[in-house]
Amino acid sequence: MNQPLRVRYAPSPTGHLHIGGARTALFDYLLARRHGGAFVVRFEDTDQTRHKESGIEDQLNGLKWLGLEWDESVDIGGPYGPYRQMERLDIYQTYLDQLVQSGHAYHCYCSEADLEQERAEQEARGEMGGYSGKCRNLTHDQIAAYQAEGRKASIRFRVPKDRIIGFEDKVREHVEFESNGIGDFIIARTDGIPTYNFAVIVDDHLMKINLVIRGEEHLSNTPRQILMYEALGLPVPDFAHLALILNPDRKKMSKRDESIIQFIEQYKELGYLPEAVVNFIALLGWSPGGEEEMFTKEDLIAQFDLDRVSKSPAVFDMDKLNWMNNAYLKKAPLSRVVELCVPHLQKAGYIQGDLDAAAQEWVTALVGLNQERMRFAAEIVELSSIFFKEELVIDEEAAAVLKEEHVPVVLASFLTQVEQAEAFTVEAIPALLKQVQKDTGFKGKQLFMSIRSALTGQVHGPDLNVSLYLLGKEKVASRLRNLL
């Protein structure tokens, strides 16, 4: 590519950043960074019925959390702004006028009722629906009559007949469409606001975008856009259409599908690590060529290219994402994982307010105990519930262990050690257990499994010394007395 690479992520500000949009933005970002280009974020907000004022901030916050820094957008500006379409209406008008004056577009006075009637008549005749071109060649007298009635006109693009519109897609290779299957389409509504298909080509041209990466749902828009580029005498950018992301059942992902967490904001709230989410999203349709699956952002920038993006749909696998996030959590500094977990412990009512030094030490030990097992930070609540609930729930395996003959002896000895202990710290507890072994003669499973079952209600679990410290001297003694 002779010109510096310029790519854009251009969402409608209708809500939080969706996983599909995040993938598009990530692929844009990685290519821009790899090739020393520019990553532009702009907003297509001409559909005012779906517009949400917080949508822009929601989208930017999602990108920011993922670590995808942009070069131009509404917040930092840039040489080709404004970066939201409703602030560019005067710009679009110039190009609309050009298309009308050149005969490539025309005013259409059909009302919604007219179009609905036309569709019903086509259906009754068994014809495929589409605009008939009723206003394509209106006379001056017909136009004057419509205007006298007070009818407002939309603007339609005049699609040429019998054309094959072909282009080389960076993912899908050669793609062709027949112009006869398109029909004249609206490029500006009766209120003068341009439609997506028109505004997007003006924006891409003026912002010097030379590679458009987007989902395959936009593939059918591409021939319309190419025709308008040609009609305006503008260069056509390259296109790359990404295959769908499917749910685990290999069906098209629906925003109502609860088998998948679909919005980036939700991952942030649940305590996923952004670098794990970025790593996972990068592999939704792109393969690096080897067996390696764990990549830093820098690794992805160095390796990512569209050549290895698949034409086949990607399947969203929550289990794989959870496995990957767990791997990242294991390697993360404990202080960072604690920071992620504290809000969830507070929300559950397990801890209150600001933590003093002793509470901070206790919570750090709690999180450290579970760091290897957590798939995401919100799981700390379930994993640590045994340390907060007053009533001990004993599972079947632990109940079976507690019926064994030696157990009362072990528990009575340990209770004595606990009650006499001056310090009940992680470092002090091994000496107490060793003394129980010496006094009772029981060791190994008979010792440790008995104590774990009695105090946690489970046969297996994380480090026993840390678990006992977290329960605390009073709770340990209380549970032992209750069982004895």
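Every read-out reported here was derived from the displayed coordinates using simple, explicitly stated rules and does not represent laboratory data. Being a predicted model, the structure only gives us computed values, none of them experimental. Here the Cβ is made from the backbone with ideal geometry for all residues, glycine too, and neighbour counts use every protein chain on show.
Size of the stretch 1-96 from its Cα atoms: along the principal axes, largest to smallest, the extents are 36, 31, 21 Å.
The Rg/Rh ratio for the stretch 250-369 is 1.06, where Rg is the radius of gyration of the alpha carbons and Rh is the Kirkwood radius.
Converting phi to 3J(HN,Hα) with the Karplus coefficients 6.51, -1.76 and 1.60 and the offset θ = phi - 60°, the stretch 103-114 yields x, 7, 9, 8, 7, 10, 9, 5, 7, 4, 5, 4 Hz in sequence order, with x at every glycine or proline. Charge tally for Thr94 (other residues, Cβ to Cβ under 14 Å; Lys, Arg +1; Asp, Glu -1): -2.
Neighbours of Tyr229, meaning other residues whose beta-carbon lies under 13 angstrom from its beta-carbon, give a summed charge of -3 when Lys and Arg score +1 and Asp and Glu score -1. Using Cβ point charges alone (K and R +1, D and E -1), the dipole size of the stretch 297-443 about the Cα centre works out to roughly 460 debye. The trypsin sites (Lys or Arg not before Pro) of the stretch 335-390 that meet both conditions, a loop assignment by DSSP and at most 16 other Cβ atoms within 10 Å of the site Cβ, are Arg373, Lys389.
Only Lys, Arg, Asp and Glu carry charge here, each on its Cβ (+1 for the first two, -1 for the last two); on that basis the chain has a dipole of about 420 debye about its Cα centre.
Take the Cα atoms of the chain, build their convex hull, and give its volume per residue in Å³.
206
For the chain, the longest principal axis of the Cα atoms and the long axis of helix 473-483 meet at an angle of about 70 degrees.
Working note: Cα atoms of the stretch 55-111, range along each principal axis, descending, whole Å: 46, 30, 16.
As a test of the formula, what do you get for the chain when each DSSP H run with n ≥ 4 contributes -39,500 (n - 2.57) and the sum is divided by the residue count, at 222 nm and rounded to the nearest 500 deg cm²/dmol?
Taking each H run of at least 4 residues, the total per residue is -14000 deg cm²/dmol.
For the stretch 210-280, applying the loop criterion from DSSP together with a ceiling of 14 other beta carbons within 10 Å to the GluC sites (Glu not before Pro) yields Glu258. Subtracting the Cα-Cα distance of Ala148 and Arg336 from their residue separation scaled by 0.36 nm leaves 60.7 nm.
Please work out the Cα center distance from the stretch 153-232 to the stretch 5-39, rounded to the nearest Å. Going from one Cα centre to the other spans 20 Å.
Could you state the angle between the C-alpha long axis of helix 407-420 and the longest principal axis of the C-alpha atoms of the chain, as a value from 0 to 90 degrees rounded to the nearest 10? Roughly 90 degrees, rounded to the nearest 10. By the Cβ distance rule of under 4.7 Å, the chain has these cysteines without a partner: Cys110, Cys341.
Under the simplified labelling scheme, the Glu293-Asn2 pair shows an inter-label distance of 4.5 nm, with each label point 7 Å from Cα along Cα→Cβ.
Using the Cβ of Pro13 as centre and a radius below 11 Å, the other residues enclosed give a net charge of -2, where K and R count +1 and D and E count -1.
Normalised by 2.2 N^0.38 Å, where N is the number of residues, the C-alpha radius of gyration of the stretch 88-235 stands at 1.11.
I need the trypsin sites (Lys or Arg not before Pro) found in the stretch 49-127, filtered to DSSP loop residues with at most 15 other beta carbons within 10 Å of theirs.
Filter output for the stretch 49-127: Arg50, Lys52, Arg125.
A dipole drawn for the chain from +1 and -1 charges on Cβ atoms has a positive end, and of His18, Tyr196, Leu334 the residue lying farthest that way is Leu334. Modelled this way, with points 7 Å down the Cα-to-C-beta line, the labels at Leu270 and Ala359 are 2.8 nm from one another.
Report the extension gain between Asp257 and His460 in nm, rounded to one decimal, defined as 0.36 nm multiplied by the number of residues separating them, less their alpha carbon distance.
69.6 nm
Residues of the stretch 246-274 falling in the label zone of Val315, defined by backbone nitrogen less than 15 Å from a point 7 Å along Cα to beta-carbon, are 246-253, 260. Here each label is just a point 7 Å from Cα along the line to Cβ, and for Asp439 and Lys475 those points are 2.3 nm apart.
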